[in-house]
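Below is one structure, written out as structure tokens; the observations come after it.
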Amino acid sequence: SSSLAITTDAGTIIHTGDFKIDYTPVDGYTADLHRLAHYGDKGVLCLLSDSTNSYNTVATGSELSVAPALDRVFAKAEGRILLSTFSSNIHRVYQAIQYGIKYGRKICVIGRSMERNIEIAMQYDYIKFPKNIFVEPDEISHMNDKDVLIVTTGSQGEPSSALFRMSTGEHRHVKIKPTDLIVLSSRAIPGNEGSISGMLNHLQRAGAKVAYDKDIHVSGHASIEEQKLMLRLVNPKFFLPVHGEFNHVMKHKETGMMCGVPERNILLMTDGEQIEIAPKFMRKVKTVKTGKTYIDNQNNHQIENDIVLDRQKLASDGVVMIVAQVDKQHSKMLSKPRVTTFGIVADKQDKAFAKEMEDVLEHFLIHLKDGLIENPRGLENDLRQIVRKHIYRKMKKYPLIVPNVFIH
């Protein structure tokens, strides 16, 4: 990755991006520590620095340290090798392809982001390979398994990724075989453990062997000592720890204070917060709306948040619809109410549940507040609350309740 030094009238801002100090990088271009020190000598107003490995006390390993493990794994493979890693980690992909070539394998790249990144890296000569080592996905089925290395996306178990679809048998060109070796050259991003575990289950049910060893992956993020080095080189007046969970950012704040940045000059941000930085102060000013935006894939229009909440509620708690006719003069039902449920009770229990709702409605009408019969909307709202409380007491659920009361 590249760090940014942004020169403004107020002062220089440095954003590290994802970084680590790798003294033996794959491409030979080490971190430009002299340039960072140059900005530190001139004076840096604010540093925004990667917090992901804030708890790691051991220096982050070099990308080259993965090579022996990849070599060992590739040498033992008897069938196809499917390697999955972050598509942005070009040096990892480069090393994997090198060892694929070493053992006489053709390379098949699957996954849009992986294809795009490799294409751009080769276009600008960041990596160099002859074009004839690559094959298309539809050619794999006609090749000997020992001659194939598939480099693909999906190391985090994303349901739409190529590897996940292969694991469930939904991929058009690749079906997992018992002779396949799956190499996951990454670590789980916090929150993705469940989806990765589910994908591993699918792969192993298909009979594939999975290599998920620690030495097949090395982090791309700075440990505590590298974070300290960055802070000392840059020597910022203000410090904004970024990138990582909130506890990582909090730990990075402590490291910043150890390196001489006053606590009052450090702010912890959450998504959407805006920070104003001036030569003499730094403060939070406004927030912008952040979060997920849902798109209807039929018409490509945004789905409003209240619709999404209703759909989630329907999925998790179900729906109850009650249609009743009530005599205005006597506050009594003119006929049995019609009760329809989805996702609440089994079909064979529908009649019993409808009788239960009839009893609740009768009790509600007996104890009806004075004048409420004149206000159909208010009556429906009160009925909704009564039914909701009853269902929660019995089932511990909060279904969507749709009452329709017709007053005659």
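Pairwise alpha-carbon distances in segment 217-351 exceed 23 Å for 64% of all pairs.
Note on the chain: Kirkwood radius taken over Cα pairs, Stokes-Einstein applied at 37 °C and 0.692 mPa s, translational D equal to 124 µm² s⁻¹.
In the chain, the longest principal axis of the Cα atoms and the axis of helix 67-76 are about 80 degrees apart. Quick one: helix 112-123 against the long Cα principal axis of the chain, what's the angle to the nearest 10°, folded into 0 to 90? It is inclined by approximately 20 degrees.
For the pair Arg377 and Asp350, a Förster radius of 30 Å applied to the C-beta separation gives a FRET efficiency near 0.60, rounded to the nearest 0.05. Between the beta carbons of Val319 and His363, assuming R0 = 25 Å, the FRET efficiency works out to 0.65 to the nearest 0.05. Taking Lys and Arg as +1 and Asp and Glu as -1, the other residues whose beta-carbon sits under 12 Å from that of Thr30 total -2. Met122 to Asp145: FRET efficiency via 1/(1 + (r/R0)^6), r the Cβ-Cβ distance, R0 30 Å, to the nearest 0.05? The value I calculate is 0.70.
Restricting segment 77-162 to trypsin sites (Lys or Arg not before Pro) that sit in a DSSP loop and have at most 11 other Cβ atoms within 10 Å of their own Cβ leaves Lys128. The angle between the Cα long axis of helix 376-395 and the longest principal axis of the Cα atoms of the chain comes to about 60 degrees, rounded to the nearest 10. Shape call for segment 63-216 from the C-alpha gyration tensor, a ≥ b ≥ c root eigenvalues: rounded (a/c under 1.5), prolate (a/b greater than b/c) or oblate? It comes out rounded by the Cα gyration axes.
So what is the calculated 222 nm ellipticity per residue for the chain, using -39500 (n - 2.57) for each DSSP H run with n of 4 or more, over all residues, to the nearest 500 deg cm²/dmol? That comes out to -10500 deg cm²/dmol.
Sorted on the mean count of surrounding Cβ atoms within 10 Å across their residues, most packed first, peptides 239-249, 367-377, 321-331 read 239-249, 321-331, 367-377. Shape annotation for segment 146-283: C-alpha extents along the principal axes are 63, 30, 22 Å, from largest to smallest.
Each residue, Val402 and Lys102, gets one label point 7 Å from its Cα in the Cβ direction; the gap between the two is 6.3 nm. Computed as a quarter of the hull surface, the mean projected area of the alpha carbon convex hull for segment 301-407 stands at 7.7 nm².
Of all DSSP-defined beta bridges confined to the chain, some 35% are antiparallel rather than parallel.
Under the combined filter of DSSP loop state and at most 10 neighbouring Cβ atoms within 10 Å, segment 73-181 retains these chymotrypsin sites (Phe, Trp or Tyr not before Pro): Tyr124.
Just so you know, all these numbers are worked out from the coordinates, no wet-lab data involved. All values derive from a computational prediction rather than experimental measurement. No Cβ is skipped: glycine too gets one built from the backbone with ideal geometry, and neighbour counts run over all protein chains shown.
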